[in-house]
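Working notes, structure below.
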Amino acid sequence: MKNNITNNSLCSGCGICSAVCPKDCIKTEENDIGELRPVVNENLCVDCGKCKTVCPFENRMEKYIAPTGNCFIGRAPGFSENASSGGIATYILSKMLTENTVDYIVSVKQGNGSDNLFEYCICETTDELLSCQGSAYYPVTLCSIIKKVKNIEGNVAIIGVPCFVSAINNLRKQSAFWNEKIPYLIGIVCGHTPSKLLVDVLAWKSGHKREDIKSCKFRIKDGSRPAWDYGVRLDFSDKTHITSFGSEDFGFLFWRKLFSQTSCNNCYDVFADDADITFMDAWLDEYKEKNEGTSLVICRNAKIEEWLQKLVDGGYAVEADISKAEMAQKELIEYKKSGGENHKSQEKLKEKIVKCCIDNKEDKNISEKIKRICYKENLKSTNVFLWLLMEIKDRICGK
Ligand SMILES: Cc1cc2nc3c(=O)[nH]c(=O)nc-3n(C[C@H](O)[C@H](O)[C@H](O)COP(=O)(O)OP(=O)(O)OC[C@H]3O[C@@H](n4cnc5c(N)ncnc54)[C@H](O)[C@@H]3O)c2cc1C
Ligand code: SF4
Ligand code: SF4
Ligand code: SF4
């Protein structure tokens with residue numbers, strides 16, 4: 001691409017650049033490490049630079065901003081069973097539809113096919129919203145759906161991670177059309193979005209290939225485990241399935257951000273301040289050990305707050321000081337505050353893991369190999385002598 005936007009490693013594949021391209025020459029494709037990235041038809045590109053004007057990483061927040069808004073903690077009856085946290089996100093989205101605040105909700109559902117396990121969709125009913133519950137720890141893009149939104153009659157609310165919310169807000173600031181079309185932005189706190197390799201590795205470990213995956217559900221709840229020990233379930237076309245939880249391989253691969261996108265290691269936005277409401281987990285001592293999951297919500301919109309107040313009146317939620325949001329996201333805030341420069345070692349580790357995945361595609365022992373890389377990396381800083389011995393041994397064995 002002439003204006004270099006796609007060469008920028010700081011991209012999360014939101015696809016909003018495609019909405020402003022006058023030549024309609026941007027599409028989003030998966031790259032060779034399982035991330036979604038914009039691809040520009042250079043024959044059509046006129047180098048106008050419009051795509052850069054909406055990109056959250058070209059117009060990005062340079063430091064962490066403390067949360068603003070009113071804070072609520074609780075669960076939504078009828079919405080929490082299959083939810084990631086307490087289901088308040090789906091409760092609010094459903095209210096927005098049923099009380100005609102917007103005509104449609106753009107949210108994320110299970111996708112079609114093993115290359116596309118999750119995708120954005122346009123919801124018109126509460127049932128459709130209920131089928132979207134859970135968290136897609138998987139790359140998604142607004143690239144094609146934003147074109148549908150452009151032509152749809154009526155207005156929409158869009159739910160997204162902070163960088164997506166920021167991109168859509170940039171789009172709204174540029175044009176009255178988009179401002180009217182998307183009157184509400186719904187944010188979700190985001191620690192990182194892993195590449196598709198995370199799911200691939202779990203499939204390979206169970207003796208399957210990516211093509212064998214029929215569906216994937218993150219944030220499955222097991223009544224015997226605390227809320228923080230959530231899991232993922234993969235169903236395969238041979239009618240078998242696997243589950244993996246936070247205290248197992250899934251947690252090892254996900255929480256260590258081993259497949260994190262470079263943009264996520266350079267992201268300062270925790271609370272999606274451009275959103276009317278932001279949802280997250282109540283990772284607080286009094287809630288995280290409970291097994292059912294609890295939502296923490298920051299609301300910045302008076303109309304939406306009325307629906308939260310109904311949960312409070314019903315005894316399902318409580319109002320809390322905004323400092324609870326910072327307490328719940330303490331570790332994430334520290335990570336994001338410390339800035340990209342401090343995550344260089346994480347980036348190097350990720351490079352090694354990704355190379356290992358490429359070299360050991362579909363290998364059943366992949367997670368052991370990844371764990372060994374992490375172990376060695378840790379030794380480098382704790383016991384350099386032992387690390388050297390392992391390194392020499394590996395080189396002799398050609399590992
Ligand atoms: C990639 C990612 C990272 C996250 N990291 C954190 C974190 O570090 N700390 C934390 O407290 N919370 C995090 N969350 C938010 C958390 O997982 C829950 O989504 C949130 O608490 C809402 O739960 P709920 O029960 O209210 O929502 P539910 O009722 O389960 O509804 C979830 C809604 O989110 C939508 N959704 C799911 N995945 C995506 C996606 N990728 N992009 C846009 N919309 C999506 C669904 O379509 C659905 O509408 C993350 C979410 C994602 C997707
Ligand atoms: S520079 Fe202009 S024409 Fe080229 S991809 Fe970006 S928006 Fe489209
Ligand atoms: S607007 Fe989104 S998809 Fe386009 S370059 Fe920026 S982050 Fe990537
Ligand atoms: S961590 Fe930041 S850059 Fe990465 S997906 Fe989440 S909001 Fe976007």
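A short reminder: the numbers here are calculations on the coordinates, not readings from a lab. Just so we're clear, the structure is a prediction, and the values are computed from it rather than from any experiment. Every residue, glycine among them, receives a Cβ derived from its backbone with ideal geometry; neighbour counts consider all protein chains shown.
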Handout entry: At most 16 other Cβ within 10 Å, DSSP loop - trypsin sites (Lys or Arg not before Pro), segment 206-279
Key = 209, 239, 256
Practice task
With r as the distance between the Cβ atoms of residue 310 and residue 148 and R0 = 30 Å, compute the FRET efficiency 1/(1 + (r/R0)^6) and round to 0.05.
Solution key: 0.40
Fill in the blank from the handout: With +1 at each Lys and Arg Cβ and -1 at each Asp and Glu Cβ, the charge dipole magnitude of segment 5-52 around its Cα centre, to the nearest 20 debye, comes out at 240
Exercise for the section: Go ahead and set up a Gaussian network model of the chain, Cα springs under 10 Å, then flag whichever of 339, 187, 74 fluctuates most. Expected result: 339
Fill in the blank from the handout: Sorting 375, 152, 141 by the position of each Cα along the dipole of the chain (Lys, Arg +1; Asp, Glu -1; all at Cβ), the one nearest the positive end of that ordering is 375
Exercise for the section: Springs between alpha-carbon atoms under 10 Å, Gaussian network over the chain: tell me which of 356, 163, 48 tops the mean-square fluctuations. Expected result: 48
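Show me the trypsin sites (Lys or Arg not before Pro) within segment 23-126 that DSSP assigns to loop and that have at most 12 other Cβ atoms within 10 Å of their Cβ.
Taking segment 23-126 and a limit of 12 other Cβ atoms within 10 Å, the loop trypsin sites (Lys or Arg not before Pro) found are 63.
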Practice task
Work out how much length residue 42 to residue 66 would gain on full extension: take 0.36 nm times their residue separation and subtract the Cα-Cα distance, in nm to one decimal.
Solution key: 4.6 nm
Handout entry: Net charge of neighbours whose Cβ lies under 10 Å from the Cβ of residue 97, counting Lys and Arg as +1 and Asp and Glu as -1
Key = -3
Completion exercise
Any helix of the chain counts here only if DSSP assigns it H throughout, its Cα atoms span 20 Å or more along the axis, and its mean Kyte-Doolittle hydropathy is at least -1.0, and such helices are 344-359, 366-382
Exercise for the section: Work through the residues other than residue 348 whose Cβ is under 14 Å from its Cβ and net out their charges, Lys, Arg +1 and Asp, Glu -1. Expected result: +4
Practice task
Once you've got the GNM for the chain with C-alpha springs shorter than 10 Å, pick whichever of 388, 308, 185 has the biggest mean-square fluctuation.
Solution key: 388
Practice task
Please get the size of the charge dipole for the chain, origin at its Cα centre, with Cβ charges of +1 on Lys and Arg and -1 on Asp and Glu, quoted in debye to the nearest 20.
Solution key: 1180
Practice task
Rounded to the nearest 500, what is the 222 nm mean residue ellipticity of the chain from helices alone, with -39500 (n - 2.57) per DSSP H run of 4+ residues and division by all residues?
Solution key: -10000 deg cm²/dmol
Practice task
Grab the beta carbon distance between residue 239 and residue 371, set R0 = 25 Å, and tell me the FRET efficiency rounded to 0.05.
Solution key: 0.25
Completion exercise
For segment 5-52, whose charge dipole is built from +1 on Lys and Arg Cβ atoms and -1 on Asp and Glu Cβ atoms, the candidate among 28, 39, 16 with its Cα farthest towards the positive end is 16
Fill in the blank from the handout: Taking the alpha-carbon centre of each part, the distance from segment 12-31 to segment 217-276 in Å is 26
Handout entry: Local net charge near residue 163, Cβ-Cβ under 9 Å (Lys/Arg +1, Asp/Glu -1)
Key = 0
